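The values are calculated or read from the model by the stated rules, or taken from the named source; none is laboratory data. Small disclaimer: the values here were computed from a predicted structure and weren't measured. Here the Cβ positions follow ideal geometry from the backbone for every residue, glycine too, while neighbour counts run over all protein chains shown.
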Amino acid sequence: MSGRTEGGAVERQQERFWNESNAILTTNPLLDATGVVKTYGAVVALRNASLSVLPGEVHALMGANGAGKSTLVKILTGAIHADAGHILIRGEARDVRSPADARRAGLLPVYQEPSLIPDLDVASNLRLTDTPVEPFCAWVRELGIPDLDIRDTARDIPLAVLRVLDLARALAVEPDVLLLDEMTAALPANLAEKVLEVVRRQGDSGRSVIFISHRFVEISALCDRATVLRDGETVGVVDIEPGVEERIVEMMLGARIEKTRVAARQASQVASPRDSRPRLGVANLRVGTKLNDVSFDLANGEVAGVVALEGQGQDELFAALAGSIRPSGGTIEVDGKPVKFAHPADAIRAGIAYVPGDRTEALTMQRSVRENIALPFSAALRNWGPINMAQERSSVVSAIERLQIDTRAQREVQRLSGGNQQKVTIARWIAAEAQTILCFDPTRGIDVGTKQEIYKLLRELADQGKSVLFYTSELEEVQRVCDRVIVIFGGRVVDVFPVELADEPALMRAAYGLPRGAKEDVGILADIHSSPVAKP
Amino acid sequence: MSTTAITPQPTPFGRRLKRFMADRPLIPLIILLVMLVVVLQILRPGIVNERWLANTVKFAIPLAILAGCQTMTMLTGGIDLSVGTVATMSAFIMATQVVHHDPAVAILIALVPAVLIGLVNGIGVGVFRVHPLIMTLGTSLIGTGCLQVYQRTVIASGAKIPPFLAWLGTGLTYGVPNALLLFVPIAVLIVFTLRRTGFGRLLYAVGDNEGAARLSGVRYWQVITALYVISSVLAGITGLLYIGLIKAPSLSLAEPLVLPSVAAAVIGGTSIFGGRGGYTGTIIGALILTVLTTLLTILQMPEGARRILFGLIVLFVTAAYLRIIEDR
C-alpha cells in the first residue's frame, strides 16, 4: 500500500534481467539436468524434466501439487536416483549417488523440515556435517538472529529459528548451488525479509540459488528465471518480468483449462438446494502460526471445496474441526450452537466426522472391514457391552453395498486395494450416519474408477441433506463435486468462488494468493511492491 | 487379489496348507500340544493317564488366567508385569486376614490392592503415557515392598488357607479338577469380551492403530484404565486360586508365573505389538508350556540345562508359529 519502494523493485528487476541476458550469452550453466525420468512402479513421477541454472542466478522451480518438484529436488541432491537423464555440474557429467556426493559437487539443499538433530546442541550438529563454526555464526547474525548460543539444544529452539539455522549451515560451506524449498514458509515477516535479502546477495556474488516457493510475491521480487513443471515434465522456462504470473499459471495448468470449462457447466446444473441456517459456522478460527483467520459457513446439503497449496493451514483447519487439535482462537458453531472440541469424540457427538488424507491414519489395518466400519459404534463408554451382531451386520453390509467395497479380502483391511481402503474410511461414517463429513483429499493415490465413485457418493450425501467439506489437491475435482470453493492461502481465506466461476486458472491464481481477474490489471505488481519482501 | 483373478493355475499345496493354517491358527498349536504329549508318553510310557491330565490342567489354569491378562494388555500393545505381585499380594493378604475375618470379607480385603494397582497402572499408561513395561514393573516393585511391610504387621497372627480354596485349587470331582469351575466361566467371559463386546473391539483397535481409534472417537485413557483394572483383578483372583493349589503363602508365590504368562500369550499367537491375537490360542499356549515343563522335568537334566532348553524351545516355537500363521 505504500508506494515508496515501487520504483526500486522494477529497476532492480530490469537490471537483473539485463545482467542475466548477458549471462546467457557468455556463460555455461552451473547445473544442467536434462531428460530426467523417475517412476515408482506404474506411477510416473518425472516424465522428462530438465532444469538449467546459470551462475549467479536465482532460479524458481514451480509447479502445481504433484507436478514433480520434490522428486526433481531429491534427485538433484542425491536422495533418490533417477531412472534416466543427465546431470551436468559445471559442464561435467556427475553421478550424484548420495547427499554427500551432491555436497561435494557444491549442491546444498535446505528442506522444509528442520534438519538439525533435536537432541544435540547446535555446535554438535555443526560438527556432524563438518560445518565451520565462525562463518556459520556470521551468517546467523547476518540473517537477523543476534543472540544465538550454539550450546543450545536444537529441541529448545523455535521452528522459525531452526529453519534460519539450516540456511546458515548451508551458507557457511559456500555452496555453488543452494537449493531452498519453501524457505520462507513458517518464518515471521522480519526473518523472511532477511532471508530473502541474503538469497538475493547470494545471486549477486556469482553463486546460484534454486528457489522453490508457492509465493509469487517472493518469486517476482527475487528470481531471475523460472522453470515450470507439469505432470513430471518441464513445460517451460520463463524470465521473471512484470505480468509473467499469468503465463506461469497457464503453463502449470496446460491443456486442462479447456476440459474444466465443460465440466463446470455440467456441475452447475446439479447444484443442490441449500438450507438457510448453516450446519457448520466457523468464525476467525486460528491454530498456532499456520491457520491465521478463517471464517466460513457450511450449509446443509452442500459440498464446500477447500483449495490450498500445500501447507497453507488446511491440515490445521480440518484437524481443529475434527476435534483433533485445539484451536488457539475463534469460534466453531454447529447448527447455531457454539461448540468446543477437546477430543474427536466431541466432534463425532456433534455429528462431524473426519476422513483423513492418509488412509493409514484412519484404519486399523490388521482388523476386518466389518470391525473397521463398526469402530465408532463401540467408542462411547455406554456401548462397551455386548454388541448386537445382527444389527451391526446389517448396517455394515448396507454401507459396504452403498460404496461397493470389494470384500474379497475383508478379513484384513491391509489386504484391500488403496481405493477400497479409502472407501472403508468413508463407509464408517455413512454407517454411523454422520451429518457432516470432512474429507481431506479423499482421492489421493487411488484409481480413476474409484475416484468417480467417491465424487458420486459425496454428491449423493449432499443431496440427502448432509454437508461435506472437501479439501482437494486436484483442482479439477472441484468442478465434479463442489457447490462452492473456499480458497486458503497463508492461513487465511483469500477467496470464495461459486462453482460456476471456479475454473482451474481462477482457482490456481487464487491459491497462489493472486487477486481475481488479474489478467488485465496491474494489481499483482502493486501487491508485490507494497509487500515487505520487496524492500531493499 | 487381482493376481488370483488373472492366474488360473492351481495354488501349490504348500501355499494352500499355509493359507489353511493362517485361517485357523489354533490347529498348528493343537498339533504341537499333541506332539509334546506323545513325546512324553514315549519317553516315560504310562505317564499320560487320568491323574497326570488332571494335574497338568490344575497347574495350567493359574498360568492361563495370568496369560489372559497378558493377552488383553498385549492386544493394546502393552504388557502387565505386575500380575505376579498382585496375585501374590491378594493370596498373602487373604491368608493372613482370614485369621481375623470371615473368608468372604478376607477375599474382598485381598482384592483391594489388586484394584488399586490396576488403577495406578491404567492411569499411568492411559493418562500419563508411561510405557506399560516400565509402569507395571514399577508398581510391581512398589507392591512387593508394601507386602514386605505388611508382612511384619501380621507376623504374629500367622496365616491359614480356607478349606474351600484348597478344594478349588487341588480338589477333583470325578477326576475333573474343581478349578475348572472357576476357569471355564473366566475363559468364556474373556473370549466373549474380546469377540463380541464393544470393549473387546476397542482393545484391538487401540493396539492396532491408536490414532485411528482416536479419530473414531475412542478415548484411549478410558479403555486403558478399564483394561489394567480388569487385568489386575484377574491376577488377584488367580492368586486366591493359586494359594489353594500351592498351600504355602510366601512373598514370591506367583512371581515365577509372570514370564511364562507372557510366553504363553506369545506362543498362543498374540502379537506383542498389539492388534492381533485371541484368548483361545493363549489357553493352548499355557497348556503347551505346562506339558513342556513336565517333559523337561522327567529328562532329569540339571536345572540350568533345563532352563536353557526351555528358553530355546519357547523361542523356536514362537518363531516357527509366526511363520506358519502369517500368510504373506
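The table below lists the values:
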item	result
Matching residues in segment A:357-371 - criterion: being more than 7 Å from every other protein chain (Cβ to nearest Cβ) and within 30 Å of A:A299 (Cβ to Cβ)	A:G357, A:D358, A:R359
Condition met for B:L253 (among the hydrophobic types (A, V, I, L, M, F, W, C) and either assigned to a helix (DSSP H, G or I) or touching a strand residue (DSSP E or B) at 6+ places or on another chain (Cβ under 6 Å) (or both))	no
Residue ID - surrounded by the fewest Cβ atoms within 10 Å (Cβ to Cβ), chosen from residues in segment B:194-217 that are in contact (Cβ under 8 Å) with a residue 12 or more places away in the chain and facing another protein chain (nearest Cβ under 7 Å)	B:F199
Of the criteria (1) closer than 23 Å to B:V223 by Cβ; (2) in contact with a Phe, Trp or Tyr (Cβ under 6 Å, 6 or more places away or on another chain), which one B:I117 fails	(2)
Filter result (among the charged types (D, E, K, R) and either without any contact (Cβ under 8 Å) to a residue 12 or more places away in the chain or exposed (fewer than 15 other Cβ atoms within 10 Å of the Cβ) (or both)) within segment A:330-347	A:K337, A:K340
Matching option when the condition is touching a Lys or Arg at 6+ places or on another chain (Cβ under 7 Å) and either farther than 21 Å from B:T318 by Cβ or assigned to a helix (DSSP H, G or I) (or both), among B:Y204, B:Y242, B:Y228	B:Y204
Residues satisfying the stated conditions in segment A:88-114, i.e. surrounded by fewer than 17 Cβ atoms within 10 Å (Cβ to Cβ) and of a type in the set (G, A, S)	A:G91, A:A93, A:S98, A:A100
Residues of segment A:213-249 satisfying the condition of being within 18 Å of A:P29 (Cβ to Cβ) and in contact (Cβ under 8 Å) with a residue 60 or more places away in the chain	A:C223, A:D224, A:R225, A:A226, A:T227, A:V228, A:L229, A:T234, A:V237, A:D239, A:I240
Check on B:T71, under 14 Å from the mean Cα position of the chain (by Cα) and at pLDDT 90 or above	yes
Given (1) assigned to a loop (DSSP other than H, G, I, E, B); (2) within 30 Å of A:E218 (Cβ to Cβ); (3) in contact (Cβ under 8 Å) with a residue 60 or more places away in the chain, index of the condition A:F470 fails	(1)
Criterion (under 30 Å from A:R444 (Cα atoms), more than 18 Å from the chain's Cα centre (by Cα) and not β-branched (V, I, T)) met by exactly one of A:L61, A:L46, A:L88	A:L46
Test: residue in segment A:200-213 that is crowded, with 18+ Cβ neighbours inside 10 Å, at pLDDT below 85 and among the acidic types (D, E)	no
Segment A:76-112, residues that are touching a residue at least 60 places away in the same chain (Cβ under 8 Å), part of a strand (DSSP E or B) and over 25 Å from A:V235 (Cβ atoms)	A:L108, A:V110
3 or more residues not aliphatic (A, V, I, L, M): qualifying helices (runs of 4 or more DSSP H) within segment B:256-328	B:279-298, B:303-325
Top-ranked residue in segment A:390-430 [being over 31 Å from the mean Cα position of the chain (by Cα) and of a type in the set (A, V, I, L, M, F, W, C); ranked as farthest from the other protein chains (Cβ to nearest Cβ)]	A:V397
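Residues checked against (1) modelled with pLDDT under 85; (2) crowded, with 20+ Cβ neighbours inside 10 Å:
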{"position": "B:G239", "(1), (2)": "no, yes"}
{"position": "B:K247", "(1), (2)": "no, no"}
{"position": "B:A254", "(1), (2)": "no, yes"}
{"position": "B:G285", "(1), (2)": "no, yes"}
{"position": "B:T290", "(1), (2)": "no, yes"}
{"position": "B:I308", "(1), (2)": "no, no"}
{"position": "B:R323", "(1), (2)": "yes, no"}
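Residues are listed down the side, and each one gets a yes or a no for (1) of a type outside the set (D, E, K, R); (2) in contact with a Phe, Trp or Tyr (Cβ under 9 Å, 6 or more places away or on another chain); (3) within 14 Å of another protein chain (Cβ to nearest Cβ):
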site	(1), (2), (3)
B:T225	yes, no, yes
B:L245	yes, yes, no
B:I272	yes, no, yes
B:Y279	yes, no, no
B:I288	yes, no, no
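Here's the yes/no breakdown for (1) modelled with pLDDT of 85 or more; (2) farther than 21 Å from A:L171 by Cα; (3) assigned to a loop (DSSP other than H, G, I, E, B):
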site: A:T34; (1), (2), (3): yes, yes, no
site: A:A67; (1), (2), (3): no, yes, yes
site: A:K74; (1), (2), (3): yes, no, no
site: A:P118; (1), (2), (3): yes, no, yes
